[in-house]
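A.B. asks: One structure is given below, represented as structure tokens, and several questions about it will come after.
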Amino acid sequence: MRAGVNALHGASTGNGDEAACRWAAVRHADDHINVIATLVREDGRRPRLHNEARRAQAEARRIEADYGLHRVTPGDGIASKRPTSAERHKAERQGRARAPREELRETVRGAGDGAASTDEFLDRLKNAGLLVRTRVLPSGDLQGYKVALPDDRNKDNEPTFHSGSRLAPDLSLPRIQERFTTAPTPPEIAGSEQPERPARPSVPAAARRATAHAARHALLVLNHGADDGVAAAQISATGEVLDALAKTSALHTRSELRQAAWEFERASRSHTRAEFRHAQDLRRAARDLVHGGPAPGRGEDGAGTAMVLDMLVFLATAAANWHAQRQHAQQAEAARRTAAHLRAAYQHAAGEPLTVLRERGRRIAPSLLRRHATTLRAVLPELAETILAEPGWNALVATLTDAETAGQDARALLVEATARRELDSAESAGEVLIWRLRRTADLPGYAPAPGALRDQRPGHQRATTRQVPAASAPAMPRLFGDASAFNG
């Protein structure tokens, strides 16, 4: 079909039905055509229109296969409603980058991140500058809510309100309220003992460290084959964490994190009903991020962001696998795109902290450097030489030194960090170990530990060390690894 305006007329079916509805296909752009059809057959009867959108999409998938075209992932009927053409044109006239429906959806979703009650959720909506209306039953119970942008008006100059369910299926009031529960996650859900949760943070860096712990626990849940409702809750709560992290991130990571949160919005929703009582660690982490406020992206804040992004890449990849195993094509693809944005954000966030650690590692005494190399060869004989040749080796040396200064057993920590965890195909095995060690030993992500730059011989270490059993931690895949690592 040539560019320009071309029309083809004929029967709407291929089964020889001469009385079928007439149609015309019009191409007026390079990337799509419009199909126009009458809704009355030539014999006067009306066509069968039940589920016509779904049947049309199924036919489009067959055409893609027949002609070798790009294969679009099939939908499942629960995606957020797209703005209508009228809404898009109105946004263009008003000079908006997005339609009001999309702005509202993002704001409402953010208001629910980590919220602990309906009142808190509604207060966040109002504090974000939205106009809020609520519906109350005769019993006094809240039935629903609507929101509007103050400057989005209809022809009568009245605010254009949208209910939560019109913005997205999971933003209706009942679905929002399902998240408000404080029941703890039973240990058997994760298949192992739950990791200790740090004290409630009050600053951005501490909030990020707590989020890394919560993300690790969520990964254990997905990796141990939890019930679908439990896994769906962890994935949905991961979306809350990404929203909160994007809102409080530094400028150099904000763009990638906002894209990651935008992509994961699709991955966080499926037909599987989430059991949110099993995802409160992640929801509290999202709340901590919001209340911790913006992170400047330097020093300990930047290191904390790198640490949590390290775990979130794992979590997004695990979510992609979980959806793929259940034939949730759109959600799986969205989670993979999320992981790609998180990798890019990690590269931005980790640059300065790793540079500082490398500089510190270069100043460590040669005797201590040799001892750490000997320990690494004993624990990881197959990968030791590769790690020793990496640019991150000096940063790993600084981390091992910090661990010993803090009274930890560096060898035991290395054994724990590598036990049953795939490292061979990591982009940088040493870099993976740095964040695992600093998270496990609860070391500062950036600032030097007291005395960390001294020439520390074995006799200068603290007498008290913490022995970490090698089998205490479940298997973890590599930092930016193959998704198949989660399937076992």
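The values are calculated or read from the model by the stated rules, or taken from the named source; none is laboratory data. Everything numeric in this text was worked out from a predicted model, so none of it was measured. Reconstructed Cβ throughout: ideal geometry from the backbone, glycine too, with neighbour counts over all protein chains shown.
A.B. asks: Cβ contacts < 7 Å: first residue closer than 19 Å to residue 245 by Cα, restricted to the range 105-128; second residue surrounded by fewer than 23 Cβ atoms within 10 Å (Cβ to Cβ) and among the hydroxyl-bearing types (Ser, Thr, Tyr), any location; separation 6+ or different chain. Result?
C.D. replies: 105/80; 128/107
A.B. asks: All but one of (1) at pLDDT below 90; (2) in a helix (DSSP H, G or I); (3) within 20 Å of residue 306 (Cα to Cα) hold for residue 391; which doesn't?
C.D. replies: (2)
A.B. asks: Of 352, 385, which residue is modelled with pLDDT of 90 or more, acidic (Asp, Glu), more than 16 Å from the chain's Cα centre (by Cα) and in a helix (DSSP H, G or I)?
C.D. replies: 385
A.B. asks: Filter the helices (runs of 4 or more DSSP H) completely within the range 154-244 down to those with at least 1 residues that are at pLDDT below 90 and farther than 29 Å from residue 132 by Cα.
C.D. replies: 187-190, 204-223
A.B. asks: Is it the case, given these coordinates, that residue 334 is of a type in the set (A, V, I, L, M, F, W, C) and closer than 30 Å to residue 253 by Cα?
C.D. replies: The answer is yes for residue 334.
A.B. asks: Would you say residue 81 is touching a Leu at 6+ places or on another chain (Cβ under 9 Å), surrounded by 14 or more Cβ atoms within 10 Å (Cβ to Cβ) and either under 24 Å from residue 268 (Cβ atoms) or touching a residue at least 24 places away in the same chain (Cβ under 8 Å) (or both)?
C.D. replies: No.
A.B. asks: Return the residues of the range 81-123 that are out of contact with any Ser or Thr (no Cβ under 9 Å at 6 or more places or on another chain), closer than 15 Å to residue 164 by Cβ and not in a loop (DSSP other than H, G, I, E, B); say none if nothing qualifies.
C.D. replies: Correct list: 103, 104, 106, 107, 108, 109, 110, 111, 118, 121.
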